[in-house]
1. Among strands (runs of 3 or more DSSP E) lying entirely in region 46-122, which contain 3 or more residues that are more than 11 Å from the chain's Cα centre (by Cα)?
2. Quickly run through region 95-107 and pick out the residues that are in contact (Cβ under 8 Å) with a residue 24 or more places away in the chain and surrounded by fewer than 16 Cβ atoms within 10 Å (Cβ to Cβ).
3. In this structure, does residue 66 turn out to be crowded, with 17+ Cβ neighbours inside 10 Å, more than 9 Å from the ligand (Cβ to nearest atom) and modelled with pLDDT of 95 or more?
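The values are calculated or read from the model by the stated rules, or taken from the named source; none is laboratory data. Everything numeric here is computed off the predicted structure, so don't read it as measured data. Reconstructed Cβ throughout: ideal geometry from the backbone, glycine too, with neighbour counts over all protein chains shown.
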Ligand SMILES: CC(C)(COP(=O)(O)OP(=O)(O)OC[C@H]1O[C@@H](n2cnc3c(N)ncnc32)[C@H](O)[C@@H]1OP(=O)(O)O)[C@@H](O)C(=O)NCCC(=O)NCCS
């Protein structure tokens, strides 16, 4: 059997901050990627076999089985190799195990095609923030 070339595990919120900053908001201050809600979130990291953290995602439980994921990012040099897919499908499976009814995100328009591949559909809600255009996307269970 092939040895998997990565592993995913829970991490602290603070371990997500450097990748969030480097990949998503390099033009802003490092502190700007810290969410007040990070204390309540569950954070996951994808690691290479050498224990290098290369992708992160944060999951937040709301009411009525609704979950939101935020700040999903893969290091630029490692994008397009399937790591984002692995992390996102891990979160989807976790939500299913937790009897989630809905998983949603504020999707950058630039990433909306990516999410469509994994069963997310666009809602009518769009907005702009920090120089990026967003659409709320959701996946029902
Ligand atoms: C979105 C993101 C997390 C995806 O991670 P990744 O590790 O590159 O994902 P994968 O390698 O699993 O990509 C799977 C497929 O989706 C494609 N894809 C990746 N990002 C995409 C995007 N923004 N739009 C459309 N397709 C995309 C890849 O090319 C790949 O296609 P292929 O299977 O035909 O080769 C990563 O591109 C990223 O960090 N982007 C910058 C930050 C960002 O926009 N985060 C999302 C905010 S809502």
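1. Details: elements: 53-61, 66-74, 102-108.
Result: 53-61, 102-108.
2. To start, the set of residues in region 95-107 that are in contact (Cβ under 8 Å) with a residue 24 or more places away in the chain comprises 95-96, 98-107.
If the condition is that a residue be in contact (Cβ under 8 Å) with a residue 24 or more places away in the chain and surrounded by fewer than 16 Cβ atoms within 10 Å (Cβ to Cβ), then 96, 98, 99, 101, 102 are the ones that fit.
3. Numbers: crowded, with 17+ Cβ neighbours inside 10 Å: no; more than 9 Å from the ligand (Cβ to nearest atom): yes; modelled with pLDDT of 95 or more: yes.
Answer is no for this residue.
Residues checked against (1) farther than 27 Å from residue 6 by Cβ; (2) more than 10 Å from the ligand (Cβ to nearest atom):
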position	(1), (2)
42	no, yes
73	no, no
124	yes, yes
127	yes, yes
